[in-house]
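K.L.:
What follows is a structure written as structure tokens; I'll ask about it next.
All of the numbers you see were taken from the coordinates with simple rules; none came from a lab. On a predicted model such as this, the values are computed, not experimentally measured, just so you know. We place every Cβ from the backbone using ideal geometry, glycine too, and count neighbours over all the protein chains shown.
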Amino acid sequence: MKLYYSPGACSLAAHIILREAGYSFDLEKVDLATKTTAGGHDFTALNPKGYVPVLQFDDGQVLTENIAIDEYLADHKPESGLAPIAGTLERYRLVEWLAFISTEIHKQFGPLFKPDTPDATRQAQKDVLAKRFDYVVGQLANHQYLTGDFSVADAYLFTVLRWAVMMKFDMKRWPVIETYMTRVAARPQVRAALEAEGLAA
């Protein structure tokens, strides 16, 4: 099994989950600007969408998109406890969070990464994200993690919330989130993923 990743990109979530679940895997870095892998291959031949994460299985098949990869990894290591059993209401609560993180936080950051985004649009996106952060605080105020124990949703949320600092959000406005980020970052397998991607402080 191999994870194609770009340091600090949303692929960090899958990387954390692979380590938390105890998988044996290889990593291959992708240059998203040139669409080439560290091995010198055309990344778009592997994933025509041109972005990470990509999980490649030993038989050559690939799986893309965070929600699909995250759930696959949790389901194939149920003893990890990273996702509730499929079909339960608890599982759908997890999917609810994964969908929210993907559409309401992850994608809202998109325009902020583009240098040609107009200032008015940039501020509008930040205002939307601030409301989403407020919602997350409502869940985390009385919980260490989103759904109880650490789950794939936390790996994903941690990954995208790291971008807030890059975008110059004053996260002191959300002390609950700051505490949460410190808690997740302190997990040994999360630290290992950050170190492997060259992201450790």
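K.L.:
Write out the trypsin sites (Lys or Arg not before Pro) in region 1-68 meeting two conditions: DSSP loop, and at most 11 other Cβ atoms within 10 Å of their Cβ.
P.N.:
Qualifying residues, ordered by number: LYS49.
K.L.:
Using all alpha carbons of region 89-187, what is the percent of pairwise distances in each 10 Å bin, ordered from the shortest bin to the longest?
P.N.:
15, 50, 28, 7, 0
K.L.:
May I pose another question? Could you work out the equivalent-ellipsoid semi-axes for the chain, taking the square root of 5 times each eigenvalue of the Cα gyration tensor, largest first, in whole Å?
P.N.:
Value: 25, 23, 15 Å, ordered largest first.
K.L.:
With respect to the cross-link table entries LYS29/LYS107; LYS126/LYS172; LYS29/LYS114; LYS2/LYS168, which display a Cα-Cα separation exceeding 25 Å?
P.N.:
Over 25 Å apart, Cα to Cα: LYS2/LYS168.
K.L.:
Counting DSSP beta bridges with both partners in the chain, what percentage is antiparallel, nearest 5?
P.N.:
Beta bridges within the chain, antiparallel portion: roughly 75 percent.
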